[in-house]
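Take a look at the structure set out below.
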Amino acid sequence: MTYFTGIDVSLRSVSICVVDDRGEVCREAKVDAQVDVIATWLHAFSPELKSVGFEAGALSQYLTYGLQAAGFEVICLEARQVKNTLDAMRNKTDRNDARGIAQILRTGWYSRVHIKSLHSHRVRALLASRKAILAKCVDLENELRGLLRVFGIRLAPRVGHGSFDVQVRSTFAGDEMLSCALVPLLDARTVLYKTYLKLDNAVKALTKADPLCVRLMSIPGVGPVTALTFKSAVDDPARFKSSRTVAAHFGLTPKRYQSGEMDSPGHISRAGDADVRSALYVAAHSLLTRNAQWSSLKAWGMRLAKTRGHRRAVIAVARKLAVILHRMWVDGSEFRWGSQEPIAVKA
């Protein structure tokens, strides 16, 4: 007999439900969210039980690699699709969610989520730490700007992170009480900035040692963070049958609502990894506004900006960058700059 096992995962416990091929509940329980505990429970039920499924979440990597090592086939389900399906149930409980996931597996109506490699997760942790430290550093800078503004001290709109400490200290050097209040903030911000520089150098060293990232950075506008973010998010380029689907996977294609005579395209879906989408947007903006080198991609983006506006042009270029990055990865090809000089675009 074929069994289908659904697991509803929470932080410290999981609800497990096993159904047969007729949809009848065979066994269910609630156990600790530990791989060895779950594997023992499953093995005790039946040695014929080979596959388990759960929706994507924070513990997906831990459970996937752990249960695979225990001899199970693990199916990680797309969380948005599972949520929409389970919302049809009258009462939402962990037990009912586990039953619903088991029934989804039985029907086969689900999208499977790719579980990234451990190396990709380590790279993502490095990028996330760098981003978090920089955000805290910027928060302290803005707090200092606000406190100084009360005393009529207005800093320049743009002050480099490296020179911020020197410029701010000079503004209240003669005020003892103000120094007592603001120097600790500056010291904390300096420590954060030095930590950020260490993480930023680690990211640059990682991309410099990776031939693929070096090749991807040959695209104008694509820097170390964009290249490393894209590589770690894709992980395995073979999981995309077409490079065109990469942009849709990261939420850069328009949504569409069609019903009867109504056919309404919408804004971009914003599905998938927000960090990748943000990195591609920044790279596209840099390509159109900061990079002086001509390319057919930039010429196309500038023409689009003239007719549809800068923001839409940046999103369109970001969508093309996702396709180009994946195709360069798969083919091992170089970036094609184009063979013709651009037509002048008036502002």
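Structure notes:
- Single residue of the stretch 138-182 satisfying the filter (of a type in the set (V, I, T) and closer than 27 Å to N201 by Cα) that is surrounded by the fewest Cβ atoms within 10 Å (Cβ to Cβ): V166
- Residue pairs meeting the criteria (Cβ under 7 Å; at least 6 apart or on separate chains; first closer than 13 Å to L127 by Cα, in the stretch 199-214; second surrounded by 15 or more Cβ atoms within 10 Å (Cβ to Cβ) and not hydrophobic (A, V, I, L, M, F, W, C)): L199/S129; L199/R130; D200/R130; V203/R130; V203/P224; K204/P224; T207/P224
- Candidates are the residues of the stretch 248-267 that are touching a Gly at 6+ places or on another chain (Cβ under 8 Å) and closer than 27 Å to R130 by Cα; the one that is most open to solvent (accessible area, probe 1.4 Å) is H249.
- Any hit, the stretch 188-208, residues being in a loop (DSSP other than H, G, I, E, B) and within 22 Å of the chain's Cα centre (by Cα): no
- Among the residues of the stretch 189-223, those identified as open to solvent by less than 30 Å² (accessible area, probe 1.4 Å), in contact with a Pro (Cβ under 8 Å, 6 or more places away or on another chain) and within 26 Å of G162 (Cα to Cα) are V203, T207.
- Conditions (1) at pLDDT 90 or above; (2) open to solvent by 50 Å² or more (accessible area, probe 1.4 Å): number failed by L186: (2)
- Single unsatisfied condition, V19 versus (1) open to solvent by 60 Å² or more (accessible area, probe 1.4 Å); (2) over 20 Å from G57 (Cα atoms): (1)
- Within the stretch 277-298, the set of residues being of a type in the set (D, E, K, R) and under 14 Å from H310 (Cα atoms) comprises R290, K298.
- When R336, R277, R303 are checked against the criterion of being open to solvent by 60 Å² or more (accessible area, probe 1.4 Å) and within 26 Å of L212 (Cβ to Cβ), a single residue qualifies: R336.
- Any hit, the stretch 8-15, residues being assigned to a helix (DSSP H, G or I), at pLDDT 90 or above and open to solvent by 50 Å² or more (accessible area, probe 1.4 Å): no
The values are calculated or read from the model by the stated rules, or taken from the named source; none is laboratory data. Given the structure is predicted, the values throughout are model-derived calculations rather than measurements. Cβ coordinates were reconstructed from backbone atoms using ideal geometry, including for glycine residues, and neighbour counts include every protein chain displayed. What goes into the accessible areas is simple: the full protein's heavy atoms, side chains included, and nothing from ligands, DNA or RNA. Shrake-Rupley method; radii C 1.70, N 1.55, O 1.52, S 1.80 Å.
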